[in-house]
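The values are calculated or read from the model by the stated rules, or taken from the named source; none is laboratory data. What you see is a predicted model; the values in this text were computed from it and never measured. Counting neighbours? That spans all protein chains shown, and the Cβs are built from the backbone with ideal geometry, glycine included.
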Amino acid sequence: MGKYNNLFRNIIAPPKRITFLVTNKCNIECDFCCFACNPRNNSFINVDDVKYFIRKAMTEFNIKYVVFSGGEPFLHNRIHELISYATKNGLGTRIVSNGFWGAAINLEDVVSTLKSSGLTELNISAGYFHQKYIPFDTSIKAALYASERGIRTLITLENKKNQPVKLKDYIIELKKIGKKYNKDYKELILTNTLAIPNNKYNEAYNSEFVQEMTLCDDLFQGLTVNFDGSLKVCCGIKNQVNNIWKTKSRSMKQFYKRITSEHLLQSIYSFGPKITLKKLIKGFFPFNHPCEFCEQIMKNISKFELIEKFSEKDFVDILRIAKEIHH
Ligand code: SF4
Ligand code: SF4
């Protein structure tokens, strides 16, 4: 199988980005938070670890992009230093936040500091579950101010079954808020990840502007470093996936070699989580998000003897599809 794994590794593109989950602390406690972040958590990533992994990822994988997520990354008191470090190394940066800082009296200064640290992209989560804690006006205000300063700004609007807010209603709201602060709302990019309340999958609502996601856009395309300094297989929302494939070792190359040799992960990459699950277990799974399928796979992982379940043709197909994805 060594030869097959080398073939697979040579086909797929090396990781282009590194994601840091800089803390497990959050100022709020969304019902659906899959990382179980909350104000009581208090772990923060070590700044020297971040710098070390950025350097490593640049030399070993030629990465181009650094993502800072959490928890709420703005609670890390050296987040600007980390953004600046990546910028000075010629990398693009993205930060994923709930936008609570839109309420700051000195919002202009907050955004100026962000801009001068070199931040390229801001993702604000402001959907149903976030609005329970942070007024929509506040998150959108943060987004509008950042966007005006030339930071590419994307707003994620997760939704909930039975309480759907239509895209057109969001746009009406954005218009109003834009007018209130005299900012151009049209620059904002709207997107939606599906809300997946912990253990309440049936409540997830597939809103009109969500495409069904069949492939994972993170696995093998990025590497993730947890707030405790461990390397994780993906920035996926399901910890179970990462509990199996995570390491405290600091060798990214070795870690990458190990995870790209896992047939289950190869299958998730090429066939996607949904088809992989179907190949392994019979049944109907009413999930909407790829990470949910992964979670189900991982829950049953001890039952799988993947090599036995997969035919020769499956392995040929994995290589073929991986090639297609790459080109
Ligand atoms: S804002 Fe994000 S990190 Fe914080 S509790 Fe909500 S989902 Fe979790
Ligand atoms: S779909 Fe699976 S592999 Fe991809 S990010 Fe989600 S949990 Fe990770």
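At a glance:
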read-out: All positions within segment 125-142 that are modelled with pLDDT of 95 or more and closer than 19 Å to residue 183 by Cα; value: 135, 136, 137, 138, 139, 140, 141, 142
read-out: Entirely in segment 1-114, the helices (runs of 4 or more DSSP H) that have 1 or more residues that are in contact with a strand residue (DSSP E or B) (Cβ under 8 Å, 6 or more places away or on another chain) and of a type in the set (Gly, Ala, Ser); value: 47-61, 79-88
read-out: Single residue of 92, 71 found to be on the phi > 0 side of the Ramachandran plot and away from ligand 2 (no atom under 16 Å from the Cβ); value: 71
read-out: Verdict on residue 124 being in a helix (DSSP H, G or I), in contact (Cβ under 8 Å) with a residue 24 or more places away in the chain, within 16 Å of ligand 1 (Cβ to nearest atom) and closer than 28 Å to residue 31 by Cα; value: no
read-out: Odd one out for residue 119, checked against (1) closer than 15 Å to residue 188 by Cβ; (2) not in a helix (DSSP H, G or I); value: (1)
read-out: Residues that are away from ligand 2 (no atom under 16 Å from the Cβ) and surrounded by 16 or more Cβ atoms within 10 Å (Cβ to Cβ), drawn from segment 18-37; value: 22, 23, 24, 25, 26, 27, 28, 30, 37
read-out: Enumeration of residues in segment 45-64 that are surrounded by fewer than 20 Cβ atoms within 10 Å (Cβ to Cβ) and in contact (Cβ under 8 Å) with a residue 60 or more places away in the chain; value: 46, 49, 52, 56, 60, 61
read-out: Some residue of segment 131-146 being assigned to a strand (DSSP E or B), crowded, with 17+ Cβ neighbours inside 10 Å, in contact (Cβ under 8 Å) with a residue 12 or more places away in the chain and not polar (S, T, N, Q); value: no
read-out: Qualifying residue in segment 74-89 (condition: more than 16 Å from ligand 1 (Cβ to nearest atom), surrounded by fewer than 23 Cβ atoms within 10 Å (Cβ to Cβ) and of a type in the set (Gly, Ala, Ser)); value: yes
read-out: Residue satisfying condition, being at pLDDT below 90 and of a type outside the set (S, T, N, Q), within set 8, 35; value: 35
read-out: Pairs, first of a type in the set (D, E, K, R) in segment 13-26, second part of a strand (DSSP E or B), C-beta under 7 Å, six or more apart; value: 16/65; 16/222; 17/65; 17/66; 17/67; 17/222
read-out: All helices (runs of 4 or more DSSP H) inside segment 214-277 with 2 or more residues being more than 16 Å from ligand 1 (Cβ to nearest atom), modelled with pLDDT of 90 or more and of a type in the set (Lys, Arg); value: 252-259
read-out: Where a residue in segment 97-115 is surrounded by fewer than 15 Cβ atoms within 10 Å (Cβ to Cβ) and its partner, wherever it lies, is at pLDDT 95 or above and of a type in the set (S, T, N, Q), with Cβ under 8 Å and at least six apart; value: 103/138
